[in-house]
Amino acid sequence: GPAPELPRPSFLDDEATFVGHAALRFRADAEGGGLLFDPWLFPAVKAGRHPAGLAPLGAHALWPSTRGIALTHSHPDHYDPGTLLRFGAEVPIWVPAVERESVLAIDMAARLRELGFKNVTEVRWGDAFQVGQLKLSAMPFYGEQPATDEVLHPEVRNQGVTWMVESGERRSVLLVDSGRDPLGDPRSLARQMRAKRGPIDVLFAGCRGFALY
C-alpha cells in the first residue's frame with residue numbers, strides 16, 4: 001500500500017523559520033528576538049528563481065531582532081562576512097574553534113575579530129550554553145572533507161560543528177553539510193545522541209551524493 005503520510009513541521013511557526021539555503025532562525029526570547037544559523041543573504045531576491053514559499057529572507061526581515069549568530073563551518077555559503085557585517089560589530093557570534101587554519105578551514109574567530117566583531121566565541125564539540133530561552137549543544141561535524149577514506153594529513157580537515165537546539169519541548173538538530181569521513185558519520189552520531197539524550201523532534205539536513213562520485 002501507499003506509504004503513510006507523515007506530519008510535516010512548519011518552518012514558519014513561532015519557533016523556527018527557514019531563512020534560505022542552509023540558514024535557519026530560531027526564536028530566542030519572548031520578545032521575538034532570534035538566533036540565526038549560517039546566514040547567507042542576498043542583496044535582492046529575483047522573482048521566480050526559488051520555489052513558492054522558499055525564497056530566502058532579506059536582512060531587513062532579520063535585523064534588528066537578531067540576538068546572535070551561530071555558524072557550522074567556514075565554507076562561503078555558511079560563513080559569509082558580507083552577510084555578517086550587516087548585523088553590526090556588537091552581534092554575538094559563535095563559531096567552531098579551528099586549531100589549525102588551512103585551505104580547508106578558515107580560523108573564523110580570528111578573521112571576524114580582524115573585521116572588527118567584538119563578541120566572538122569559539123566552541124568545541126561537547127560545549128553547551130544558553131541563548132535566551134534556547135539551549136545550544138555543539139556536536140561533531142563529520143564529512144565534507146577532500147576524501148571519504150584515509151588521507152595523508154588527517155589533522156588538516158574542514159573543521160566545524162553541528163548543532164542541537166532545545167526550545168521548550170522541541171529538540172532540533174542541524175546537520176547541514178555533514179557526512180562520512182574516517183572520524184565518523186551522522187548515523188553513528190545519531191545513535192550516540194539518541195542513547196545519551198533521547199529522540200529529537202526535527203532534523204534539518206542536506207542530502208548530498210558526494211561519496212557516490
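Could you sort 169, 90 by accessible area so the largest value comes first, with the probe set to 1.4 Å?
Listed by decreasing accessible area, they come as 169, 90.
Quick one: accessible surface of residue 193, probe radius 1.4 Å, all protein chains present, in square angstrom to the nearest 10.
Taking all protein chains as shown, residue 193 has close to 30 Å².
Report in % the part of the accessible area of segment 84-213 that belongs to carbon and sulfur, leaving out ligands and nucleic acids; probe 1.4 Å.
53
Which net charge results for the neighbourhood of residue 105, defined as the other residues with beta-carbon distances under 14 angstrom from its beta-carbon, given Lys and Arg at +1 and Asp and Glu at -1?
With Lys, Arg at +1 and Asp, Glu at -1, the net is -4.
Highest first, please rank the peptides 109-119, 27-37, 151-161 by the mean number of other Cβ atoms sitting within 10 Å of their residues.
Descending packing order for the listed peptides: 27-37, 151-161, 109-119.
Each residue of segment 94-111 in turn: what ³J(HN,Hα) in whole Hz from Karplus with 6.51, -1.76, 1.60 and θ = phi - 60°, glycine and Pro shown as x?
So the Karplus estimates, Gly and Pro as x, are 10, 10, x, 5, 10, 6, 9, 5, 8, 5, 8, 8, 6, 6, 4, 4, 5, 5 Hz.
If packing is taken as the average count of other Cβ atoms within 10 Å, what order do 100-107, 125-132 fall into, highest mean first?
Taking the mean over residues of other Cβ atoms within 10 Å, the ranking is 100-107, 125-132.
With every protein chain kept in place and ligands, DNA and RNA left out, what is the accessible area per residue of segment 121-213? Probe 1.4 Å, answer in Å².
Here the residues of segment 121-213 average 58 Å² of exposed surface.
Name the long-range amide H neighbours of residue 70: under 5 Å, sequence gap of 5 or more, or other chain; modelled H, no Pro or chain starts.
Placed amide hydrogens put 36, 37, 38, 94 under 5 Å from residue 70.
The values are calculated or read from the model by the stated rules, or taken from the named source; none is laboratory data. Because the structure is a prediction, the values reported are computed rather than measured. FYI the Cβ positions are ideal-geometry reconstructions off the backbone, even for glycines, and counts take in every protein chain you see. Surface areas here come from the heavy atoms of the whole protein model, side chains and all, with no ligands, DNA or RNA. Shrake-Rupley method; radii C 1.70, N 1.55, O 1.52, S 1.80 Å.
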